[in-house]
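Here is the structure we will look at.
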Amino acid sequence: MPELTIGEQDFLLDGEPYQIISGALHYFRVHPDLWADRIHKARQMGLNTIETYVPWNAHSPVRGEFRTDGGLDLARFLKLVADEGMHAIVRPGPYICAEWSNGGLPPWLLRIPGMLPRRSEPQYLKAVTEYLQAVYEIVTPLQIDRGGPVFLVQIENEYGAYGSDKEYLSELVRVTRESGITVPLTTIDQPTPQMLADGSLPGLHLTASFGSRSAERFQTLREFQPTGPLMCMEFWNGWFDSWGTHHHTTSVEESDSALDEILAAGGSVNLYMFHGGTNFGMTNGANDKGAYVPLVTSYDYDAPLDEAGNPTAKYHAFRKTIAKYAPVPDEVPAEATPAPAFTAEITPAAGLLGLVGELGDAERHEHAATFEEIGQDTGFVLYETSIKGRAPGVLSLDEVRDRAYVYVDGVPVGVLARDSHERSIRLPLAGSVLTVLVEDQGRVNYGPRLGEEKGLIGAIRLAGEPLTGWTVTGLEVDALPGLDLSARSADHGPLVLTGEFELTEPADLFLETVAWGKGLVWINGFALGRYWRRGPSQTLYVPAPVVRAGANRIVVLELEAMADPTVRFVDGLRLGQIEF
């Protein structure tokens with residue numbers, strides 16, 4: 001069987017020098033019926049390897065479960081890589097960052113009392129061991145020396161930027177090896193001496209992450225690791241987008257030049273990303289470096305293959321550069337063609353506040369319990385309490401995570417937004433019931449706020465006096481498409497709107513949302529993700545396998561207000577204004 005080893009200067013495949021030219025493709029961000037297409041296009045660009053993270057929270061939404069259904073079928077994905085004649089790099093974390101909710105760590109993990117993530121804390125290590133053993137049960141038989149595609153496995157992820165617990169890293173290595181992983185093990189860190197030292201162990205091959213100044217970065221890596229192949233495990237050829245900013249792009253020329261510099265030096269590379277895909281549903285992460293900034297649904301990343309799987313100018317430039325160093329197939333992917341453009345009607349079907357009893361079970365708490373306290377992983381929680389005889393007055397909260405819609409007797413009063421540092425609002429009317437709907441806009445995926453609580457945090461006061469005696473309900477909004485919404489009434493709160501559209505055959509679609517406010521969309525029960533008039537994204541990508549010939553049903557949860565309640569499909573991606 002083939003074997004990949006670490007040589008003095010190169011990776012060695014069956015004893016011969018081998019330059020890894022890889023691209024990141026996250027199976028969990030791509031509809032599974034499109035995996036083969038995206039992998040094939042990677043091969044057409046000249047890549048010989050596919051790299052993927054493994055998201056613990058998606059596979060294990062509850063402890064003791066490891067889902068591999070549908071879009072989580074890691075074995076199927078890796079076998080498709082092999083079918084294309086390519087190799088695979090698996091990066092199971094357990095922490096992955098990836099601009100993915102919680103950096104891949106499951107919320108139940110972070111609710112364990114006294115648990116300390118990403119270090120040699122017994123409760124954490126026990127849970128991580130369970131997770132890694134489940135991952136390696138899939139990966140071990142698919143290693144290269146057993147006829148599979150996997151020839152590298154990564155330990156942790158940019159750990160030197162977080163900690164330096166060598167006992168923790170050693171335990172990850174032990175579990176990995178005892179689970180039957182025999183291929184070389186790698187680490188990844190930004191190429192600074194401190195991060196490389198903190199994030200590594202003897203016996204692990206160090207790789208770097210960067211997007212420019214390739215020769216300089218490799219020199220730092222070489223100074224720290226005098227022998228072995230040079231590899232940029234994350235070559236940042238694009239970037240991600242956050243709500244309220246411009247659409248981030250990187251220069252084709254500058255990215256191509258940096259890639260050429262890596263390959264000319266004999267270095268191996270993994271493009272981050274080759275194809276970004278989509279944060280379907282409510283899987284997007286958030287950053288918080290002093291200010292909370294949630295990420296958009298699109299994970300286009302300005303990658304060589306765009307969000308809809310179409311080649312870009314960057315794709316063709318990279319393909320030409322790769323051809324200088326490795327064989328590139330003659331076949332070139334077809335260019336994008338315009339998607340069907342049409343409109344359809346959508347009408348209000350129900351008010352969300354009137355559906356609460358069908359979406360979750362109410363709990364009584366003296367205080368406004370957090371998401372964590374009621375076991376709600378993401379989405380929405382509804383808080384209600386009596387304010388009879390206490391309003392009008394100023395409602396003040398210690399902290400909102402992340403966006404709170406405030407109502408008095410069902411009438412909207414306003415919004416308290418974490419990203420605007422808003423913590424107080426005037427209740428102008430007398431009323432009996434205060435209702436607060438809180439949206440988790442995405443769990444922080446990087447830094448010290450990883451695993452923080454969501455909801456209404458701390459004390460809540462009206463006119464300076466504490467509010468107590470709360471009814472708290474976690475809402476399972478993904479159940480909305482399955483509800484019978486006939487003969488319902490709409491109220492003044494968030495609206496659930498429904499409609500149908502016809503297709504002659506399945507095709508990729510692009511749902512324009514610029515005239516809508518803020519909310520979520522499902523088509524045929526598939527959760528496309530969040531939209532927000534704040535942008536930059538102006539479309540939600542609808543993969544062709546989600547729709548069908550004939551009638552298709554759309555369900556929209558509009559949290560705020562639609563300027564034009566029309567379903568409008570346009571001919572391609574609208575990712576927003578770029579910065580000039």
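Only the coordinates and a few stated rules stand behind these numbers; no lab work does. Quick caveat: nothing in here was measured; it's all calculated off a predicted structure. Counting neighbours? That spans all protein chains shown, and the Cβs are built from the backbone with ideal geometry, glycine included.
Computed quantities for the displayed model
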{"read-out": "Principal-axis tilt of helix 35-45 within the chain, Cα atoms, nearest 10 degrees", "value": "40"}
{"read-out": "Dipole of the chain, positive end: most advanced residue of Thr321, His205, Val496 [Cβ charges, Cα centre]", "value": "Val496"}
{"read-out": "Within segment 245-278, backbone nitrogen closer than 19 Å to the virtual label 7 Å beyond the Cα of Ile578 toward Cβ", "value": "245-260, 272-277"}
{"read-out": "Dipole of the chain [Lys/Arg +1, Asp/Glu -1 at C-beta], most positive-end residue of Thr343, Pro506, Tyr383", "value": "Tyr383"}
{"read-out": "Segment Glu453-Ala344, extension gain: residue separation times 0.36 nm, minus the distance between their alpha carbons", "value": "35.3 nm"}
{"read-out": "Whole-Å distance, taken between Cα centres, linking segment 307-382 and segment 472-508", "value": "17"}
{"read-out": "Neighbour-count ranking [beta-carbon atoms within 10 angstrom, fewest first] of Thr227, Thr187", "value": "Thr227, Thr187"}
{"read-out": "Trp239, Trp516, Trp470 arranged by Cβ crowding within 10 Å, fewest neighbours leading", "value": "Trp239, Trp470, Trp516"}
{"read-out": "Residue-count net charge about Trp522 - beta-carbon cut-off 10 Å; Lys, Arg +1, Asp, Glu -1", "value": "0"}
{"read-out": "For Rg and Dmax of the Cα atoms in Å, calculated from these coordinates, the label among (1) 24.6, 81; (2) 23.0, 80; (3) 24.0, 90", "value": "(1)"}
{"read-out": "Using a Förster distance of 30 Å, the FRET efficiency for Asp398-Glu363 (Cβ separation, nearest 0.05)", "value": "0.90"}
{"read-out": "Label-point gap, in nm, between Glu373 and Arg111 - each point 7 angstrom along Cα→Cβ", "value": "1.3"}
{"read-out": "Net charge dipole size for the chain [Lys, Arg +1 and Asp, Glu -1 on Cβ; Debye, nearest 20]", "value": "760"}
{"read-out": "Inter-label distance for Ser489 and Ser164, nm, one decimal - labels placed 7 Å from Cα along Cα-to-Cβ", "value": "6.5"}
{"read-out": "Distance from segment 85-130 to segment 219-246 (C-alpha centre basis), Å", "value": "21"}
{"read-out": "C-alpha long axis of helix 166-178 to longest principal axis of the chain, angle in °", "value": "70"}
{"read-out": "Spatial separation of Cα centroids for segment 258-279 and segment 151-166, in angstrom", "value": "20"}
{"read-out": "Exposure proxy order (Cβ contacts within 10 Å, fewest to most) of Arg29, Arg574, Arg76", "value": "Arg76, Arg574, Arg29"}
{"read-out": "Calculated P(r) of segment 517-579 - Cα pairs past 14 Å, %", "value": "61"}
{"read-out": "Under 16 Å from the Gln219 label point (7 Å along Cα→beta-carbon), backbone N, segment 170-199", "value": "191-193"}
{"read-out": "Proximal charge balance of Val183 [Cβ under 13 Å; K/R count +1, D/E count -1]", "value": "+1"}
{"read-out": "Two-site label geometry, Glu8 and Glu502: point separation in nm, points 7 Å out along Cα→Cβ", "value": "7.3"}
{"read-out": "Helix 74-83 vs. the chain, principal-axis angle (Cα, 0 to 90°, nearest 10)", "value": "40"}
{"read-out": "Members of Lys41/Lys324; Lys41/Lys314; Lys79/Lys324; Lys166/Lys454 lying beyond 25 Å, as alpha-carbon distances in this model show", "value": "Lys79/Lys324; Lys166/Lys454"}
{"read-out": "Cβ charges +1 (Lys, Arg) and -1 (Asp, Glu), total dipole of segment 361-475, debye", "value": "420"}
